[in-house]
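The values are calculated or read from the model by the stated rules, or taken from the named source; none is laboratory data. These numbers come from a predicted model, not from an experiment. For neighbour counting, all protein chains shown are included, and Cβ atoms are generated from backbone atoms with ideal geometry for every residue, glycine included. Remember, those area values only see protein heavy atoms, side chains included, never the ligands or the DNA or RNA. Shrake-Rupley method; radii C 1.70, N 1.55, O 1.52, S 1.80 Å.
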Amino acid sequence: LDDKDSLGSKTLDVDVEAIIMSPEKEFMSPVFLQEEEDISSSARALTVSALAAERSGSTNYEDNLPVKTRVYKAHTKFFGLVFKKWEWERAYMDSQARLVEYVVYWGYLLYFLLLLTNALYGYVAYLYHKGICAQETLKEFCLITYGEEAYKMAQDPNSKPTFGVIMDYAMFDMTPVCGAVMLLLNGIGPLSHWFIHRRNSMYFKDKAWALVNAWAIYVLKMVSIMVFVMNETGVLQESGDESARWPWSLGPMVVIQATLFIFFSGTPFPLYLLWWIIATVLFYGLTVPVIVKEQENVMNPSEENITSVFSIITTTVYIDSCVFIFWYGIVLMTGKFLFEIASRKRFLQRILMMKQQEQIIVEKTKNERMQRHFLENILPSSLVGELKEMQQVHLQSTFKR
């Protein structure tokens, strides 16, 4: 047209307000939709669900369509435990480490309270047993229940409870060296965790190292408690006092550490599985030789061999502990695996949504350029400028709302 202000002999009348307030139609390439079918379907489902909740006045938002299984399998490997793209895997590990940054401290605090409670329980139990054995009328009960050493200690007015005596009455036994090592590791853990999570750390830009650090601390705790407890039974040395108490000490400690590790470390399932493998190898590697030796006492009883009674008790408690630890570990690892998959699916959904949003921005920019070019060809330049101004005013009023 030679004259953009008129079409033939008629003046072009455009309702600017109607154009600005009309619903915006996004331009989406069919090729783009076909390539990102899985991503856009999830995005549309989330958008429709959110709009439905907003229009109905409901405050509940429900994501009814998470990442599909086939989409998740296409982006992961090793039973869905690792992302195929190393950048995504690093981003996931880093996000998990930042998410549980302060949760890890609670794990170390609870472990310290556990050690403190164990010692306190041992001291209270010592006073209670001493009070029973100090009564002459309960002598027979004391000898049968607590043994001759407890009776002699109760009869001695000058006897004072040592650390070893208190640990004998505690829920799980440990030597002074073992207690010191546990406290040392429980102190190194939070300090190293804080050092890795420092905001200006020059050595640990990737915070996923905090997960590896927590795993290493819990492994060292588990190894230390097993070695020290079994060392007391004489399995790691030629001579030692045989005791029927070590299954009560070793079994609960494995269960407690496994529970604290799964809830207060944030480590991924592969590291948690590796922790259980190391614990299983050490547990059976250190305890089976002791049980074999105990069975020799059971199979060859004699009047002089009083330890055969304790061997029967040890074997019985050991079998119960093995069954309990096995099923407890199966339950924990199954739950950890399922929660790991669910967490990775949520992360993948966020990644795909962000990816689609970037593509939408690119396509929307192309759409705006095409619309502007189209309007400049059919409308006067002054009118196009007025449309832009009114559109900006409309967007500003929308943001203020």
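List of remarks:
- Which listed pairs, of LYS293/LYS336; LYS84/LYS205; LYS85/LYS221, have C-alpha distances above 26 Å, in listed order: LYS293/LYS336; LYS85/LYS221
- Using a simple spin-label model with pseudo-atoms 7 Å out from Cα toward Cβ, PHE339 and ARG70 lie 3.2 nm apart.
- Sequence ranges 365-373, 255-263, 172-180, 113-121, ranked by mean other-Cβ count within 10 angstrom, highest first: 255-263, 172-180, 113-121, 365-373
- Computed over protein heavy atoms with a 1.4 Å probe, the accessible surface of the range 90-156 works out to 62 Å² per residue.
- Check: the range 319-371 dipole with +1 on Lys, Arg Cβ and -1 on Asp, Glu Cβ, in debye: 320 debye
- Dipole size of the range 141-201 about its Cα centre, with +1 on Lys/Arg Cβ and -1 on Asp/Glu Cβ: approximately 560 debye, rounded to the nearest 20.
- The value of relative contact order for the range 123-184, using C-alpha pairs under 8 Å at least six residues apart, is 33 percent.
- Accessible surface of the range 62-188 [probe 1.4 Å, protein heavy atoms]: carbon and sulfur percent: 66 percent
- Of the trypsin sites (Lys or Arg not before Pro) found in the range 147-211, the ones in coil according to DSSP and having at most 14 other Cβ atoms within 10 Å of their Cβ are ARG198, ARG199, LYS205.
- Under 28 Å from LYS388, Cα to Cα: lysines that are on another chain or at least 8 residues apart: LYS4, LYS10, LYS25, LYS364, LYS366, LYS400
- Cross-link partners of LYS139 among lysines (Cα-Cα below 18 Å; sequence separation of 8 or more within a chain): LYS130, LYS152
- Each peptide in 88-97, 128-137, 184-193 receives the mean, over its residues, of other Cβ atoms within 10 Å, and ordering these scores from highest gives 88-97, 184-193, 128-137.
- Around the amide H of VAL82, modelled in the peptide plane, lie the amide H atoms of LYS77, all under 5 Å away and 5 or more residues distant in sequence or on another chain.
- Modelled FRET efficiency - R0 51 Å, ILE144 with GLU358, Cβ distances, 0.05 increments: 0.10
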